[in-house]
Structures are given as structure tokens and as C-alpha cells.
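Reviewing the structure listed below.
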Amino acid sequence: FFPTIRLRYQIRYMTYSKTGLFASVQNATIKNLTVENSLIIVNNSVAWKYAGAIAGGTSANAKMSNLASKNNVVIVKDTLANSSEAIAGAIVGFVQNEGVTLTNSYAIGNKILAKADNTSAYVGGVVGVVGHNNATSEVLVSDVYSVNNTVYANAKTSFVGGIVGIIQKYGKLT
């Protein structure tokens, strides 16, 4: 599909809120990267848990293109009372804030799970959440594909999608 760097890694039981090969992407560009056969498990008590095989989340001016997530397992668990949401995607957990783009990317054969006993879970075959209720400009996800992924949520309230779990304010999927 495109030239790539292939990586395999494991992250288990992190205590950070954003987890992936890159915890967060801000004012940076990531392109031509494939992550495959990796295991990411986030099981912690911090608020707002995001996980993805490539990035846990994004902030301002993150540019991501030609990314692939293949045969990865991404699990986000929250079993504490009154804790915040669990968010998971095969490529990125949370794509938010101004100037952020994710383009020309795909996820295939991944298993993505978010568990939040007392709150909400957002799970997508590519991205868990696109946009943000406090966003001030467009967040764009375009030309992304999700093939043969298992996407699952177990929560008080669940948002599950084959490509995106939920699109919020200023989120755009084309």
C-alpha cells in the first residue's frame, strides 16, 4: 500500500492516560508507518484513558498519513467508580484539537476493547473519538478504512463504530 517501517511492541498496564507507540502527537508529522502484531493494555485509575496502536491521542497541529494498524490488540479498562471514560481505536484513541488530520490510513484484523464499569466507553475500528466538545476548529479524518476488525465496548454507556466510536464538535469524517 505504501512504504512503511514495521514495528512490534507490547505495553501492559500503563499508568498514563494516553498510550500507544506515541503517547500523544502534537505539532508533529507521522507518516508511512505500520504497527502490527502488538499488544497494548491500559488498566489504570487516571482520568480519560486513550489508547491506539500508533498514538493514544493527538493535540494541536498533528498531521498523520499513510498509517496502518494490522492484527493488534488494544484494550482499555476502567473498573473504578466515578472515573472518566475509556477510549480506544486501532490507529489512534482520541483525534482532537485544531489543525489535526488523519488521512489515507487503514486498520485490518485488529481487536479493540474498552471497558468502563461506571462511565462511558468509546471504541472505533480506526479512531475512538474524533473532535471534542471544546474544539475551536475542524479535526479531519479522511480516506480511512477499517477491515475485519473486532470492536467491542462494555460500559454503562457505549459508543462503538466500525470506523469511529463518536464524532463530536468540529469532527469531520470524509
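The values are calculated or read from the model by the stated rules, or taken from the named source; none is laboratory data. Quick caveat, the model's predicted, so the values are computed rather than measured. Cβ coordinates were reconstructed from backbone atoms using ideal geometry, including for glycine residues, and neighbour counts include every protein chain displayed. For accessibility, only protein heavy atoms count, side chains too; no ligands or nucleic acids. Shrake-Rupley method; radii C 1.70, N 1.55, O 1.52, S 1.80 Å.
Here each label is just a point 7 Å from Cα along the line to Cβ, and for LEU39 and ASN118 those points are 2.9 nm apart.
Distance between the 7 Å Cα→Cβ label points at TYR9 and ASN32: 2.0 nm. Carbon-plus-sulfur accessible fraction, region 91-174 (probe radius 1.4 Å, protein heavy atoms only): 49%. With Rh defined as the Kirkwood radius, the inverse of the mean 1/r over Cα pairs, the Rg/Rh of region 42-132 is 0.98. Extents of region 84-174, taken as max minus min of Cα coordinates on every principal axis and listed largest first, are 33, 29, 14 Å.
Can you pull a Stokes-Einstein diffusion coefficient for the chain at 37 °C (0.692 mPa s), Rh from Kirkwood over Cα pairs, as a whole number of µm²/s? The diffusion coefficient I find is 219 µm²/s. As a rough guide to protection, the peptides 52-61, 91-100 ranked by mean Cβ packing within 10 Å, highest first, stand as 91-100, 52-61.
Label-to-label distance for THR150 and LYS169 is 3.7 nm, based on points extended 7 Å past Cα in the beta-carbon direction. Over 24 Å apart at the Cα level, from the set LYS49/LYS111; LYS18/LYS115; LYS18/LYS156; LYS63/LYS115; LYS18/LYS172; LYS111/LYS169, are LYS63/LYS115; LYS111/LYS169. Under 5 Å between amide hydrogens, built in the peptide plane, is the criterion, and for VAL100 it picks out ASN61, ALA62, LEU140 among residues at least 5 positions away or on other chains.
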